[in-house]
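Below: one structure, written as structure tokens.
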Number of protein chains: 2
Amino acid sequence: MVPHDDGAFAPTTEDAPSSSGFLDDGKNTIGSQLASRLREAIISGELQAGSKINLDKARKTFNVSLSPLREGLARLISDGLVEFEDNRGYRVSSISLANLEEITTLREEFEVFALRESMRLGDVEWEGNVMRALHRLNRTERDAARPETLERWEELHREFHLTLISGCGKPILLHFCSLLLNLNDRYRRVFLTRTSGDRNVSQEHSEIAQGAVARDLDYACDMLRQHIHRTGTNLRNHLATKGTL
Amino acid sequence: MVPHDDGAFAPTTEDAPSSSGFLDDGKNTIGSQLASRLREAIISGELQAGSKINLDKARKTFNVSLSPLREGLARLISDGLVEFEDNRGYRVSSISLANLEEITTLREEFEVFALRESMRLGDVEWEGNVMRALHRLNRTERDAARPETLERWEELHREFHLTLISGCGKPILLHFCSLLLNLNDRYRRVFLTRTSGDRNVSQEHSEIAQGAVARDLDYACDMLRQHIHRTGTNLRNHLATKGTL
DNA sequence: ACTATCCAAATAATCGATTATCTGTCAAGG
DNA sequence: CCTTGACAGATAATCGATTATTTGGATAGT
């Protein structure tokens, strides 16, 4: 389901976050499957931030042996979703106001930089991918009453943002942005089940995308920065209100 | 030995890359020790870039069992030094001109940004740490004939750069910069055994550090950017010359 | 010759059991 | 009382053996 985050972040053959996978989206090893399931469990808030992960319980819950469990957890460490300490085990990464603010700031810096590079370097195929991702996202409704629509929307939203910057030709940068998006999505999934009333997010996305394919560098970058910033502000408010910190 | 790269990159208690560790620098678990040894082996070029890592051989070489071996390798994936594919195993990340250029570009962007933030936010203790790191670095000679001096210099150099930006108050950003530095060091260790004749690297470091503690934002950032850029250019030349790509 | 298919050796992944480490509790000594 | 140390249960780390997958080479069919 999740667009197959390539293991390390060295240049890979598979470039754009294509969702057109040839069947075989299936993760092969138990370790990989676990990584996906755990990632989803953490991002969705099912596994509470900051909580300890007891290996024995997890082993029983998922009905697997220790080796693949550790394997899966190890990958989430790369994602920044899990922390680890020798002989003390694993725990779900904490959330905090400071963490959220850093994520927002870094997204503003990195994602905007990556967008600029994409506009500078992206080819026609990139443009097409952007428009497709935009269309699919805008055609998808979020209905707070039906969790599966939220999940679907998140997936497409993530894909839109990654596609926007996928033309930058910088695999490491893409990897970093992908991590930040992951971390950010956790906050959104937990604290925002619907868009704040004063925003038209679809339109924001459209403005960014159209500016991007028109190569209007300053406009598109500015729109993206504002978009990220607004989301950060919303999340901060919700975190302050509902947060049990 | 290596300044204890904290597992995940969430806010940790231990902030500055202090080298004053209280005894107990020792990694506790076999997995951790392996991670260190493998990291050193890769960065030093002992393990050739792009080569496959045969688990059985590695198991015998290091005289350990599979579990901690995989554990150690998993951590190097986070570092970007090892790549992994389901059922195909691990391989040392490849090096390439494009990869080097991306690393250099991202260091210029992120490290400079982090330095600016450090100057904005860093306290007196940060200033002190910077001056100490500078002093220790400049007091250490690089002698191409004695590998242990190179290793020592690399360690202090890395620490200097990390200390410079350690005041930025952004753990994730620090983590990213640390990764980039790691990746960059591999190129330097493999391709540069001594400083290029037309540079006075000690002086470059001094200028950056002094600008930093004087809070001369534009000057320090400019010096750092040039410093990174020059290193990138040198490495590119050596890679083109000696590289066996 | 060329491709496709099947085998066997090589390699990776997983399991269950064992060993090492930690954590909290309780008793002895100050 | 408070501290210290030792014990036991809980938890993490490691091992050796087993199972699953891949890979390269041989074979058969076109």
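The values are calculated or read from the model by the stated rules, or taken from the named source; none is laboratory data. These numbers come from a predicted model, not from an experiment. In this analysis, Cβ positions are derived from the backbone assuming ideal geometry, glycine residues included, and neighbour counts consider all displayed protein chains. The protein model used for the area step is the full one, side chains on, heavy atoms only, and it has no ligands, DNA or RNA in it. Shrake-Rupley method; radii C 1.70, N 1.55, O 1.52, S 1.80 Å.
Taking label points 7 Å from Cα along the Cα-to-Cβ direction, A:His135 and B:Arg230 give a separation of 5.2 nm. Taken per residue, the accessible surface of the range A:30-92 reaches 49 Å², heavy atoms only and a 1.4 Å probe. The order of the peptides A:94-102, B:57-65, A:206-214 by mean Cβ neighbours within 10 Å, most packed first, is A:206-214, A:94-102, B:57-65. Remark: mean inter-chain Cβ contacts per residue of B:28-41 equal 1, using a 10 Å Cβ-Cβ cutoff to other protein chain atoms. Each Lys or Arg adds one and each Asp or Glu takes one away; over the other residues whose Cβ falls under 12 Å from the Cβ of A:Leu239, this sums to +3. The range B:149-216 and the range A:93-144 have Cα centres lying 31 Å from one another. Among the residues of B:160-173, the average count of other protein chain beta-carbon atoms within 10 Å of the residue beta-carbon is 2.
What does the helix-only formula give at 222 nm for chain B: each DSSP H stretch with n ≥ 4 adding -39500 (n - 2.57), the total divided by the residues, and the result rounded to the nearest 500 deg cm²/dmol? Don't jump to the answer; show the numbers that get you there.
Details: 10 runs with 148 residues, N = 245.
Mean residue ellipticity, 222 nm, calculated: -19500 deg cm²/dmol.
Sorted shortest first, the separations between the A:Ala214 label point and its copies elsewhere in the assembly read 4.6 nm; each point sits 7 Å from Cα along the Cα-to-Cβ line.
Once you average over the residues of B:82-90, how many Cβ atoms of partner chains fall within 10 Å of each Cβ? Display every interim value, and only then the final one.
Numbers: counts 3, 6, 8, 5, 7, 3, 1, 0, 2.
That average works out to 4.
Size descriptors for the range A:97-242 (Cα atoms only): Rg and Dmax, in that order, 14.5, 44 Å. Looking at the range A:130-233, the accessible area is 41 square angstrom per residue; that uses a 1.4 Å probe and ignores ligands, DNA and RNA. Projected onto its three principal axes, the C-alpha set of the protein assembly as shown covers 68, 51, 46 Å, listed from the longest axis down. For a paramagnetic label modelled on B:Arg215 (point 7 Å from Cα along Cα→Cβ), amide N atoms under 18 Å away belong, within the range B:156-189, to B:164-169. Using a probe radius of 1.4 angstrom, the carbon and sulfur fraction of the accessible surface of chain A is 49%.
Interface A-B: total buried accessible area of about 3100 Å², 1.4 Å probe, protein heavy atoms only.
Across the cross-link table entries A:Lys170/B:Lys52; B:Lys57/B:Lys242; A:Lys57/B:Lys170; B:Lys52/B:Lys242; A:Lys57/B:Lys60, which are compared at the Cα atoms, the separations over 26 Å belong to B:Lys57/B:Lys242; A:Lys57/B:Lys170; A:Lys57/B:Lys60. Here is how far apart the B:Asn63 label points are across copies: 4.2 nm, shortest first, using a point 7 Å from Cα toward Cβ.
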